[in-house]
1. Expressed as a whole percentage, what fraction of the accessible surface of the chain belongs to carbon and sulfur atoms when a 1.4 Å probe is rolled over the protein heavy atoms?
2. Choose one answer from 136, 123, 181: the residue with the largest mean-square fluctuation in a GNM of the chain with alpha-carbon springs under 10 Å.
3. Give the lysines whose C-alpha is closer than 22 Å to that of residue 118, dropping any in the same chain fewer than 8 places away, or say none.
4. Per residue, how big is the convex hull of the stretch 28-148 when only Cα atoms are used? Give it in Å³.
5. May I ask you to evaluate 6.51 cos²θ - 1.76 cosθ + 1.60, the Karplus curve with θ = phi - 60°, for each residue of the stretch 83-92 and list the ³J(HN,Hα) values in order in whole Hz, giving x for glycine and proline?
6. Scanning the chain for helices, which whole DSSP H stretches are 15 Å or more long along the axis (Cα) and average -0.5 or more by Kyte-Doolittle?
7. Under the classification rounded if a/c is under 1.5, otherwise prolate if a/b is larger than b/c and oblate if not, where does the stretch 29-97 fall, given a ≥ b ≥ c as square roots of the Cα gyration tensor eigenvalues?
8. Could you tell me which chymotrypsin sites (Phe, Trp or Tyr not before Pro) in the stretch 130-205 are loop residues by DSSP with no more than 12 other beta carbons within 10 angstrom of their beta carbon?
Amino acid sequence: MRLLLYNLRYGTGSGGPLHLPWSGYLGRTGGNMENIIRFIRSQAPDVVGLIEVDAGSYRSRRLNQAAIMAEALGHYHVFQSKYDRASWVQRVPLMRQQANAFLSNSAIQRQKFPYFTKGVKRLVIELELEQVVIFLVHLSLRFRTRHFQLSDLYALVRHTSKPCIVAGDFNAFWGDREIRLFMAASGLASVFPFGQPSFPSWAPRRQLDFILHSPEIAITDFSIPRVLYSDHLPLVCDFKVNRR
């Protein structure tokens, strides 16, 4: 199977070296979504994990980007707002359309949307396919909150009966050193143990995006394509699931 992980920055582009930290929240997608769709199609992924997807604000002309991509690729899709229903963010029209999503070319057996107990963006998407469960996360920018979230994530992983993958933007500004205890406790390994950076896309120097996997999953290939459709680079991982 092939998994593609991509933080889209809501389809507003990379921003370039002079971009402002919050400019991705305010820009419009323009023709960038067509570029992203062409790129994803060229990679022929079985599953796509998407961080920072617009679910229907003015940025995307009120259209759900996950649904648009799924239709173009012939995939199933699931999406959910990053903010739980009780959050004050849900009262802000632009921000409540900020979501994460999965695309899958095979039938989805089950989907769940648990939320972390700490942080502003708390969503975890749990996607169950025939052979594997994949968790998609976008962790907090605050160091202390990230570690509360990793504790919650550990509990979710430990209660999974199938082989699993945890993928997402961990916002780990110290790289894999931040998540070594989580990996050791959960038994997960990184698909790229030597710490390749994926941010910013035009001059990568930080390892923010991770794909972690349980021991039953064997990684057969991994790459980070150098495409500039977002401020993050995408991660592409080929794997197979070994029977227990």
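1. Looking at the chain in its full context, I get 54 percent from C and S.
2. In the Gaussian network model the winner is 181.
3. 82
4. Measuring per residue, one finds 115 Å³ for the Cα hull of the stretch 28-148.
5. Whole-Hz 3J(HN,Hα) from phi for the stretch 83-92: 10, 5, 4, 7, 6, 4, 4, 5, 8, 9.
6. Taking the DSSP H segments of the chain (at least 15 Å long, mean hydropathy at least -0.5), we get 32-43, 143-158.
7. It is prolate, given that a/c is not under 1.5 and a/b is the larger ratio.
8. Answer in residue order: 174, 194.
The values are calculated or read from the model by the stated rules, or taken from the named source; none is laboratory data. Being a predicted model, the structure only gives us computed values, none of them experimental. Methodologically, a virtual Cβ is constructed for each residue, glycine included, from the backbone with ideal geometry; neighbour enumeration extends over all protein chains shown. Side chains included, ligands, DNA and RNA excluded: accessible areas come from the protein's heavy atoms. Shrake-Rupley method; radii C 1.70, N 1.55, O 1.52, S 1.80 Å.
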